[in-house]
Structure formats: structure tokens, C-alpha cells
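The block underneath contains the structure these notes are about, expressed in C-alpha cells.
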Amino acid sequence: MIRAILAGTPIAVYLLFAWLVWNGLSRLHARRVPMTRVVIVPLLFIAWGSAGLAGRDVGVVGPCLLAIGLASGLAVGTRVQIEPGQRCVLRPASVLPLLRNVSIFLAHYALHVAAAIEPQRQATLMRTDAAVSALCAGFFIGWLIRFGRAWRRATQANRVLAPPVQALLHPPMR
């Protein structure tokens, strides 16, 4: 049965899983990355979560879970050092992004596999999948808002400090 499940899994799912693992493993080491690279995973999960909610009857639970996810994302620190002049971010080493992203992926995968194996439970399983989608989309929207605020503060601080620092580094010639 496991062989049939794996054989029936689209190649794109394997590619997404491999990319999430690779991306998570890259987070095991502190590194400087372009700002645009920092927002790829959150945008991916927001899109995936939104797609998981589209066309599903989520009732009042969906918006509530979206709000809970949003509050969680806003509460979690971005844990990055922002270098706006370079448009880069210094990410600390952490295993948490790998664990979080793979857990989200596996939750969605397991729910879809279970729905395929037990069609009589499909409606319930897809409501659960929509709940996971709402929580995840909300979390990453909140995280992006918090990151955007931190980026804006760092950019504004950089503008305020830049002229005096520039004058110290390169005094005018007399």
C-alpha cells in the first residue's frame, strides 16, 4: 500500500518536499542572504494556505484559525539581523525552520493521502486540511508583517545614520 501511495504522488510534490528540506538544511548554518530570499518560503506557504482555503466551506472556524495564525506570526520574532544598505539579512543558525516547514508539508500530505485511502472521510479530512491551511497562511502573513516592520525600522535607522557615518568615513577634502 505504501508503494502505491508513493507511486501515486505527483512528481511536483516530491520536488516541493526536496526543496523544503534543502532550504531547511541551509538554515542550519548562519548565513547572509538577500532579502528577497527570506520571503520566498513565507510567500509559498501563504499561497499554499490560500489555495487550501479556496473553494472550501470553512465556516467561522477558518477566519478564526487564520486570526490565531496571524497573531502567532506577529508574536514570533524574526530572529534576523537586517542589513538594509546591502539589502541582505543575516540569518542565525536554527533547526526550527526545517522542522516547521517539513511538519506543515507532512500534515498536508498525510491528510491528502488519508482522504485518498478513506474516501468516506474525505470531507472531514479536507476540513482539517483547510484548518491547517488557515493557521499556516495566517502565521506566515503575521511573520511577513513583522519582518516588514523590522525591515522598515532598519531602513529608516540606516537613512538617519548614513550621512554622519559617511562623513566620518570620507571627510571632505580641503
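The values are calculated or read from the model by the stated rules, or taken from the named source; none is laboratory data. A quick note: this is a predicted structure, and the numbers were derived from the prediction, not measured. Cβ sites come from the backbone with ideal geometry, for glycine too, and all protein chains shown count toward neighbours.
Brief remarks follow.
- Being in a loop (DSSP other than H, G, I, E, B) and farther than 17 Å from Arg100 by Cβ is a description that does not apply to Gly62.
- Of Leu65, Leu53, Leu70, all but one fail to be under 21 Å from Gly148 (Cα atoms) and in contact (Cβ under 8 Å) with a residue 60 or more places away in the chain; the exception is Leu70.
- Matching residues, region 65-97, being in a loop (DSSP other than H, G, I, E, B), surrounded by 17 or more Cβ atoms within 10 Å (Cβ to Cβ) and either modelled with pLDDT of 85 or more or in contact with a strand residue (DSSP E or B) (Cβ under 8 Å, 6 or more places away or on another chain) (or both): Val80
- Within region 11-35, no residue that is farther than 25 Å from Leu90 by Cα and modelled with pLDDT under 95 sits with its Cβ atom under 9 Å from a residue that is assigned to a loop (DSSP other than H, G, I, E, B) and not polar (S, T, N, Q) at 6+ positions apart or across chains.
- Criterion: more than 25 Å from Ala110 (Cβ to Cβ), in contact with a helix residue (DSSP H, G or I) (Cβ under 6 Å, 6 or more places away or on another chain) and either in contact (Cβ under 8 Å) with a residue 40 or more places away in the chain or not small (Gly, Ala, Ser) (or both) - qualifying residue of Ile46, Ile5, Ile82: Ile82
- Some residue of region 36-56 being aromatic (Phe, Trp, Tyr), modelled with pLDDT of 90 or more and more than 18 Å from the chain's Cα centre (by Cα): no
This table checks each residue for (1) of a type in the set (S, T, N, Q); (2) modelled with pLDDT of 90 or more; (3) surrounded by 12 or more Cβ atoms within 10 Å (Cβ to Cβ); (4) closer than 17 Å to Leu90 by Cα.
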{"position": "Leu125", "(1), (2), (3), (4)": "no, yes, yes, no"}
{"position": "Gly142", "(1), (2), (3), (4)": "no, yes, yes, no"}
{"position": "Arg149", "(1), (2), (3), (4)": "no, yes, yes, yes"}
{"position": "Asn158", "(1), (2), (3), (4)": "yes, no, yes, yes"}
{"position": "Pro163", "(1), (2), (3), (4)": "no, no, no, no"}
